[in-house]
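J.: Take a look at this one; I'll ask things after.
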Amino acid sequence: MLRPNRRGGAVAASAFPSDLGGGEPLIVVRDLRRTYAVGPDRVAALAGVSVTVERGAFIAVMGPSGSGKSTFMNVLGCLDRPDGGEYRLDGEDVGHADPDSLAAVRNRKIGFVFQSFHLLPRLTARANVELPMVYGGIPRAERVRRAAAALEAVGLGDRWHHRPAQLSGGQQQRVAIARALVNRPLLLLADEPTGALDSRTTREIMELLRDLNRGGLTIVLVTHEAEVAAYAGRVLTFRDGRLAGDAPPADAAGAAVPG
Ligand SMILES: Nc1ncnc2c1ncn2[C@@H]1O[C@H](COP(=O)(O)OP(=O)(O)OP(=O)(O)O)[C@@H](O)[C@H]1O
Ligand SMILES: [Mg+2]
């Protein structure tokens, strides 16, 4: 079934359930803290972050190296637990969940994309995309069908049998995006997804993410590049484990100029 998107195009209405949720924002974070103990030192990687992300938003996370961006993404992605504050995802208190429940939330609701793709080198594109469904116990015929559809959706319908080394960087990232989407997550988290790509491929990947967002997928993406952040509707700027800015991309670019 198709329905019109904001720009008048059409996307599969059933692609993402993100806009079907209740009234509560997808992400509600209050005074989030994560402190690392390293020898005698304590590093406050997150020192009290409060933010709300609406369903269907496209958020860029920026800030200097070491400011807490990846730590924030790891907590949002239920890969890591905060040691203070609140985190509600899709109406559920995940900030205090035990590791097993966190893993379940992660598998059901979150897709990840990383700078270095994290594909398994010995598996074909299709087998890489099938992996999250293998963990999810989905029968083989259904896995193959959904993996093929996901590769088709990212423009790689003719590359199912290629291994990662037989694909370009941009194509590998498309496979990783297909893998992230194949369990139909509510939230896509991308930590510098274009960091290893040239500028033309960066644009292609960002146009793909923009189209997915227009189809209803909520995206939170870390980047050091203003041209990448420009695709987002809102830029969160981190500094020393705190939120130092929350603005549309144009304003954030102005504010990011060091004073
Ligand atoms: N596992 C860890 N153990 C100890 N300290 C850590 C750990 N992970 C991160 N840190 C520290 O927490 C702070 C935030 O790190 P984080 O990786 O979130 O930064 P970042 O903003 O993602 O930086 P970059 O732009 O370089 O990726 C840094 O000071 C870092 O040294
Ligand atoms: Mg990082």
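J.: Just one of R200, R214, R179, R174 is under 20 Å from R106 (Cα atoms), of a type in the set (K, R) and touching a Gly at 6+ places or on another chain (Cβ under 9 Å); which is it? Walk me through it before giving the result.
T.: Working: R200 fails: under 20 Å from R106 (Cα atoms); R214 fails: under 20 Å from R106 (Cα atoms); R174 fails: under 20 Å from R106 (Cα atoms).
Among R200, R214, R179, R174, only R179 is under 20 Å from R106 (Cα atoms), of a type in the set (K, R) and touching a Gly at 6+ places or on another chain (Cβ under 9 Å).
J.: Would a scan of the stretch 167-175 turn up a residue that is under 18 Å from the mean Cα position of the chain (by Cα) and in contact (Cβ under 8 Å) with a residue 60 or more places away in the chain?
T.: Yes, the stretch 167-175 contains at least one residue that is under 18 Å from the mean Cα position of the chain (by Cα) and in contact (Cβ under 8 Å) with a residue 60 or more places away in the chain.
J.: Go over the candidates T223, T201, T218, T237 one by one and state the one that is away from ligand 2 (no atom under 16 Å from the Cβ), β-branched (V, I, T) and within 17 Å of M73 (Cα to Cα). Explain how you work it out, then say what you get.
T.: Working: T223 fails: away from ligand 2 (no atom under 16 Å from the Cβ); T201 fails: within 17 Å of M73 (Cα to Cα); T237 fails: away from ligand 2 (no atom under 16 Å from the Cβ).
On inspection, the qualifying residue turns out to be T218.
J.: Evaluate the stretch 184-197: report whether one residue or more is surrounded by fewer than 24 Cβ atoms within 10 Å (Cβ to Cβ) and free of Cβ contacts under 8 Å to residues at least 40 places away in the same chain.
T.: Within the stretch 184-197, one or more residues are surrounded by fewer than 24 Cβ atoms within 10 Å (Cβ to Cβ) and free of Cβ contacts under 8 Å to residues at least 40 places away in the same chain.
J.: Looking at G39, G48 in this structure, which one is over 16 Å from the mean Cα position of the chain (by Cα), more than 8 Å from ligand 1 (Cβ to nearest atom) and free of Cβ contacts under 8 Å to residues at least 12 places away in the same chain? Steps first, answer last, please.
T.: Values: G48 fails: free of Cβ contacts under 8 Å to residues at least 12 places away in the same chain.
Residue meeting the stated conditions: G39.
J.: Sticking with this structure for a sec: Here is a list: L243, L187. Which entry is within 30 Å of I138 (Cβ to Cβ) and aliphatic (A, V, I, L, M)? If you could, list the steps in order and put the result at the bottom.
T.: Values: L243 fails: within 30 Å of I138 (Cβ to Cβ).
After ruling out the rest, the residue left standing is L187.
J.: Quick one: which residue in A60, A103, A97 is within 18 Å of the chain's Cα centre (by Cα) and free of Cβ contacts under 8 Å to residues at least 60 places away in the same chain?
T.: Values: A60 fails: free of Cβ contacts under 8 Å to residues at least 60 places away in the same chain; A97 fails: within 18 Å of the chain's Cα centre (by Cα).
That would be A103, the only listed residue that is within 18 Å of the chain's Cα centre (by Cα) and free of Cβ contacts under 8 Å to residues at least 60 places away in the same chain.
J.: Sticking with this structure for a sec: Is it the case, given these coordinates, that G216 is touching a His at 6+ places or on another chain (Cβ under 9 Å) and closer than 25 Å to P248 by Cα? Break it down stepwise before answering.
T.: On the way: touching a His at 6+ places or on another chain (Cβ under 9 Å): no; closer than 25 Å to P248 by Cα: yes.
No: the conditions fail for G216.
J.: Do you know which residues across the stretch 139-169 are among the basic types (K, R) and assigned to a helix (DSSP H, G or I)? Explain how you work it out, then say what you get.
T.: Going residue by residue through the stretch 139-169, those that are among the basic types (K, R) are 140, 143, 145-146, 159, 163.
The answer is R140, R143, R145, R146.
Each row is one residue, and each column tells you yes or no for (1) within 16 Å of ligand 1 (Cβ to nearest atom); (2) among the aliphatic types (A, V, I, L, M).
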site	(1), (2)
V61	yes, yes
N74	yes, no
R81	yes, no
G85	yes, no
G95	no, no
A104	no, yes
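J.: Is it true that L208 is of a type in the set (A, V, I, L, M) and either surrounded by 21 or more Cβ atoms within 10 Å (Cβ to Cβ) or within 16 Å of ligand 2 (Cβ to nearest atom) (or both)?
T.: On the way: of a type in the set (A, V, I, L, M): yes; either surrounded by 21 or more Cβ atoms within 10 Å (Cβ to Cβ) or within 16 Å of ligand 2 (Cβ to nearest atom) (or both): no.
For L208, the condition - of a type in the set (A, V, I, L, M) and either surrounded by 21 or more Cβ atoms within 10 Å (Cβ to Cβ) or within 16 Å of ligand 2 (Cβ to nearest atom) (or both) - is not met.
J.: Does R55 satisfy the condition of being under 14 Å from the mean Cα position of the chain (by Cα), surrounded by fewer than 16 Cβ atoms within 10 Å (Cβ to Cβ) and in contact (Cβ under 8 Å) with a residue 12 or more places away in the chain? Don't jump to the end; show me each part of the working.
T.: Details: under 14 Å from the mean Cα position of the chain (by Cα): yes; surrounded by fewer than 16 Cβ atoms within 10 Å (Cβ to Cβ): no; in contact (Cβ under 8 Å) with a residue 12 or more places away in the chain: yes.
So R55 fails the test.
J.: Inside the stretch 181-198, can you point out the residues that are of a type in the set (D, E, K, R) and either within 16 Å of ligand 2 (Cβ to nearest atom) or assigned to a strand (DSSP E or B) (or both)? Quick ask: steps written out before the conclusion?
T.: We begin by selecting, within the stretch 181-198, every residue of a type in the set (D, E, K, R); these are 184, 191-192, 198.
Listed by number, the residues that qualify are D191, E192.
J.: So which of V144, V222 ends up being among the β-branched types (V, I, T), buried (at least 16 other Cβ atoms within 10 Å of the Cβ) and closer than 25 Å to V105 by Cβ?
T.: When all the criteria are applied, what remains is V222.
J.: Take the conditions within 25 Å of L209 (Cβ to Cβ), small (G, A, S), crowded, with 22+ Cβ neighbours inside 10 Å and more than 16 Å from ligand 1 (Cβ to nearest atom) and apply them to G111. Does it pass? Please lay out each step first, then the result.
T.: Working: within 25 Å of L209 (Cβ to Cβ): yes; small (G, A, S): yes; crowded, with 22+ Cβ neighbours inside 10 Å: yes; more than 16 Å from ligand 1 (Cβ to nearest atom): yes.
In short, yes.
All of the numbers you see were taken from the coordinates with simple rules; none came from a lab. Everything quoted here is computed from the prediction, not taken from an experiment. Reconstructed Cβ throughout: ideal geometry from the backbone, glycine too, with neighbour counts over all protein chains shown.
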